[in-house]
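J.: Sharing a structure below in structure tokens format, with a few things to ask.
The values are calculated or read from the model by the stated rules, or taken from the named source; none is laboratory data. Note that this is a predicted model, so its numbers are computed, not measured. For neighbour counting, all protein chains shown are included, and Cβ atoms are generated from backbone atoms with ideal geometry for every residue, glycine included. Note: areas computed on protein heavy atoms with side chains; ligands, DNA, RNA excluded. Shrake-Rupley method; radii C 1.70, N 1.55, O 1.52, S 1.80 Å.
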Amino acid sequence: MSAHPLPPGAAPVATAVLIVNLGTPDAPTADAVRAYLDEFLSDPRVVRLPRWLWLPLLRRVILPRRSPKVAHKYAEIWLDGGSPLAVYTRRLAEAVDARMPELRVVHAMRYGRPALAPTMRALAAEGIGRILVLPLYPQYSTTTTASVADRIAETPIDGVEVRMIGDYARDPGWLQALAASVQAHRQAHGRGEVLLCSFHGIPQRIVDQGDPYAERCEATFRGLVDALGSEAGDCRMAYQSRFGAGKWLQPATDATLVAMAKAGVREVDVLCPGFPADCLETLEEIAMQNAELFVANGGTRLRYIPCLNDAPAHADAMATLLRRELDTWA
């Protein structure tokens, strides 16, 4: 999304950065999870089925069955300050704000709270005239990034210009931060025979319809291997978190780990470069479920490399990315 330049002689406009993540339940309870999943899975960007078919199925069948199970999973990873995604997103925004004292940096969620639209309106009420939105989706997809753009378009605010960063899959500072996290983890915990980069999957048909997500994941993977240089070793990529019927992007993370274990790989490191903050999909799905699966099929150890979360290198990279974009917004 773009903005018009200031007219000659105009006073500078107060600017804010809005960092947006996917979202999370308010509590690890069935009711809270149900409310969150209802909002998330009702988005036609996320589930592309006819509303008349999908919504009754979601609300009458899927949510009553799935919400208690998912709540139990959240309870296993919940932190004192909330879900890991909520805690680390808030801390990252605070860290970026400390690095950019010339403007306001706040955060919001596409689903759940703090909600995107009310946060934008609150910034406008403070006198903010420009909002630069950074969705924490490194790889653009119509299933994620475009949904943030949808909500922005649905929230026009008089006198406020909005611009959105659509992708940072090949951002050099962010890739260097990822590479440094891999190196630091190896130094502290040892090094597996394979580094598996696990990205969130999407249905193959969405890619076939023109979604660039798979290409952007591959670009991140190549960039990370380049950033690791001679320390890359055996690096592979796969896709996790399949939901529902139909073919999803391949290879699947769980199937890849099983194949590795059966082929004689005993120790594997797993990094999730599409997730800026640890969440259910990284801490429960990878570090717990997939770790158990790997060992059950002959592996010895799966080392999960945490997301960048609120690490200083992550905040530095995001601040640099934001300043670069702001410099073009004359």
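J.: For the chain, what does the relative contact order come out to in percent, with C-alpha contacts under 8 Å and a separation of six or more?
T.: On the way: 530 pairs, mean separation 71.1, N = 330.
About 22 percent, as a whole number.
J.: Then there is this: Using a/c under 1.5 as the rounded threshold, could you call segment 19-100 rounded, prolate or oblate? The axes a ≥ b ≥ c are square roots of the C-alpha gyration tensor eigenvalues, and prolate needs a/b larger than b/c, oblate otherwise.
T.: Numbers: a/c = 4.25, a/b = 1.63, b/c = 2.62.
It comes out oblate by the Cα gyration axes.
J.: How high is the FRET efficiency from ALA180 to ASP327, r the C-beta distance, R0 22 Å, rounded to 0.05?
T.: According to the calculation, E is roughly 0.30.
J.: A further question follows. What shape does segment 139-235 have by the C-alpha gyration tensor, where a ≥ b ≥ c are the square roots of the eigenvalues, rounded means a/c under 1.5, and otherwise prolate means a/b greater than b/c and oblate the rest? Spell out each step's value before the answer.
T.: On the way: a/c = 3.09, a/b = 1.86, b/c = 1.66.
Verdict is prolate for segment 139-235.
J.: When you count, for each residue, the other Cβ atoms within 10 Å and take the mean per peptide, how do 163-174, 57-68 rank with the highest first?
T.: Details: 163-174: 19.4, 57-68: 14.5.
Order by mean packing, descending: 163-174, 57-68.
J.: Using a simple spin-label model with points 7 Å from Cα along the Cα→Cβ vector, what separation in nm is obtained for THR155 and ALA98?
T.: 2.6 nm
J.: Taking K and R as +1 and D and E as -1, what net charge do the other residues with C-beta under 10 Å from the C-beta of LYS247 add up to? Display every interim value, and only then the final one.
T.: On the way: positive: ARG205, ARG242; negative: ASP208.
Charge balance in the 10 Å sphere: +1.
J.: Right, something else. Where only protein heavy atoms count, and the probe is 1.4 Å, what is the accessible area per residue for the chain in Å²? The partial results should precede the final answer.
T.: On the way: 14470 Å² over 330 residues.
With all protein chains present, the chain gives 44 Å² per residue.
J.: Which one of MET237, VAL225, SER181 has its Cα pushed farthest toward the positive end of the charge dipole of the chain, where Lys and Arg give +1 and Asp and Glu give -1 at the Cβ?
T.: MET237
J.: Tell me the GluC sites (Glu not before Pro) within segment 143-208 that lie in a loop according to DSSP and have at most 16 other beta-carbon atoms within 10 Å. Show your work: numbers first, answer last.
T.: On the way: sites: GLU154, GLU161, GLU193; in loops: GLU154, GLU193.
Taking segment 143-208 and a limit of 16 other Cβ atoms within 10 Å, the loop GluC sites (Glu not before Pro) found are GLU154, GLU193.
J.: Where does helix 172-189 land angle-wise versus the long Cα axis of the chain, in degrees 0 to 90, nearest 10?
T.: Roughly 40 degrees between the two axes.
J.: Answer with a single label: of (1) 59, 46, 37; (2) 68, 52, 42; (3) 75, 48, 41, which was calculated as Cα extents along the principal axes in Å from the structure in view?
T.: Given (1) 59, 46, 37; (2) 68, 52, 42; (3) 75, 48, 41, the structure-derived one carries the label (2).
J.: Related question: So, with +1 on the Cβ of K and R and -1 on the Cβ of D and E, and no other charges, what is the size of the charge dipole of segment 153-241 about its Cα centre, to the nearest 20 debye?
T.: Values: 8 positive and 13 negative charges, 78 e Å.
My answer is approximately 380 debye.
J.: Further question on the same structure: Within segment 35-161, what whole-number % of the accessible surface is contributed by carbon and sulfur, with the 1.4 Å probe and all protein chains included in the calculation? Intermediate results must be reported in sequence, preceding the final value.
T.: On the way: 3220 of 5840 Å².
Percent of accessible area from carbon and sulfur atoms in segment 35-161: 55.
J.: Using +1 on the beta carbon of Lys and Arg, -1 on that of Asp and Glu, and nothing else charged, what's the dipole of segment 101-163 about the Cα centre, debye to 20?
T.: 180 debye
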